[in-house]
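Heads up: the structure comes next, in structure tokens.
The values are calculated or read from the model by the stated rules, or taken from the named source; none is laboratory data. In this text, all values refer to a predicted model and were calculated from it rather than measured experimentally. Here the Cβ is made from the backbone with ideal geometry for all residues, glycine too, and neighbour counts use every protein chain on show. When the accessible area is computed, the model is the full protein with side chains, heavy atoms only, and any ligands, DNA or RNA have been set aside. Shrake-Rupley method; radii C 1.70, N 1.55, O 1.52, S 1.80 Å.
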Amino acid sequence: MRAVLDAFWRAAAYCLHPQLVLWSVAPVMIAALLVGGLAWWQGDAMVQAVRATLEGWPWARAALDWLDLAGLGALRTWIAPVLLLALAVPLMVVLALALVAMLMTPAIVGLVARRRFPALQRREGAAWWRVWAWSLASTVVALALLALSLPLWLLPPVALVLPPLVWGWLTYRIFSYEVLSAHASADERRRILAAHRSPLLAMGVVSGYMGAVPTLLWAAGAATLVLAPLLLLVSVWLYTLVFAFAAAWFAHYALAELQALRAAEAPAMPAAPGAPLRLPPAASSEVVAEAPPGAGTPTGGSEPPADGRPGRAHGDDAPPAAAGDAPARA
């Protein structure tokens, strides 16, 4: 838990980094152009399709007729656009998450690695196309879960709980894989994801509920339809910042666990080249140098005299002169 909170505060500080704020511009512009262009191109047609679908359901047509009888017929014209916005918000969240994963996460991971883990070796455990395939498959599963759960969204508690859980699961799946793809090997990535699945999933769920906060901008009723273009841009930017924070959060936590894993498995470091070799102390304080073979030793192999006087030179066979002998005359 301590490591999760430490990574949380570090990621929050990184959200104020000028580079991260600058990187968030590209996903915002792309998402705004895609969603805004689709709304301008097919907005009226999509509203008419939603209205026709509601009138085709007997229970929905009965509810609309009751509104007319109650004098609330004006609300009937707003129901289809509001429902269309409710259906578009989850798609915008998924779109923002996918754009952050593709455009911002590699740069965020590189920034975290350079500033906090400069010695962490890159082992390239997954190629870029594997990361994109993993993200695409996870996104398809999340969209299928959202589509299958649409009837349950009519229940207010389920509508408030289920979509953020799906977004959190998708956040966990995408970011936990991608932040380790460059620095961890395939085996290291599998081991970290297996050992830390619970905290990573909890981080994803928290990020999913944080991603649901910008949805409150659309809770102002009919005013959201009037301010839809502005709210669309602001909400996409907030979604982008939330998922950029999530990417930094996952990067700090996962890379710290990777560094700890390698430190635990690293062998004892050998002595540095050129370092002096330390020997155990000698038994005596005197250092005796070994003489070369044959130096100062008679050729016959006899030992030096026991009285300590130096021996005769090689070839001097004459006996020593007596004490009283005179020196020889020339």
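What the table shows:
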| item | result |
| --- | --- |
| Close pairs from segment 124-150: first touching a residue at least 40 places away in the same chain (Cβ under 8 Å), partner of a type in the set (K, R) and open to solvent by less than 60 Å² (accessible area, probe 1.4 Å), Cβ under 9 Å, at least 6 apart | G125/R189; A126/R189 |
| Condition met for V89 (touching a Gly at 6+ places or on another chain (Cβ under 7 Å) and within 25 Å of L34 (Cβ to Cβ)) | no |
| Test for P151: is it more than 16 Å from A88 (Cα to Cα), at pLDDT below 95, surrounded by fewer than 18 Cβ atoms within 10 Å (Cβ to Cβ) and more than 24 Å from the chain's Cα centre (by Cα) | no |
| Selection within segment 175-193 - under 17 Å from A133 (Cβ atoms), in contact (Cβ under 8 Å) with a residue 60 or more places away in the chain and open to solvent by 10 Å² or more (accessible area, probe 1.4 Å) | E178, A182, A186, R189 |
| Cβ-Cβ under 8 Å pairs, at least 6 apart or on other chains, segment 9-28 side among the aromatic types (F, W, Y), far side open to solvent by 70 Å² or more (accessible area, probe 1.4 Å) | W23/L103 |
| Any helices (runs of 4 or more DSSP H) falling wholly within segment 5-95 and containing at least 1 residues that are open to solvent by 40 Å² or more (accessible area, probe 1.4 Å) and within 30 Å of L200 (Cα to Cα) | 18-23, 25-56 |
| Residue in segment 120-129 that is within 24 Å of L255 (Cα to Cα), open to solvent by less than 50 Å² (accessible area, probe 1.4 Å) and of a type in the set (D, E) present | no |
| Residue among L170, L165 that alone is open to solvent by 70 Å² or more (accessible area, probe 1.4 Å) and under 26 Å from the mean Cα position of the chain (by Cα) | L165 |
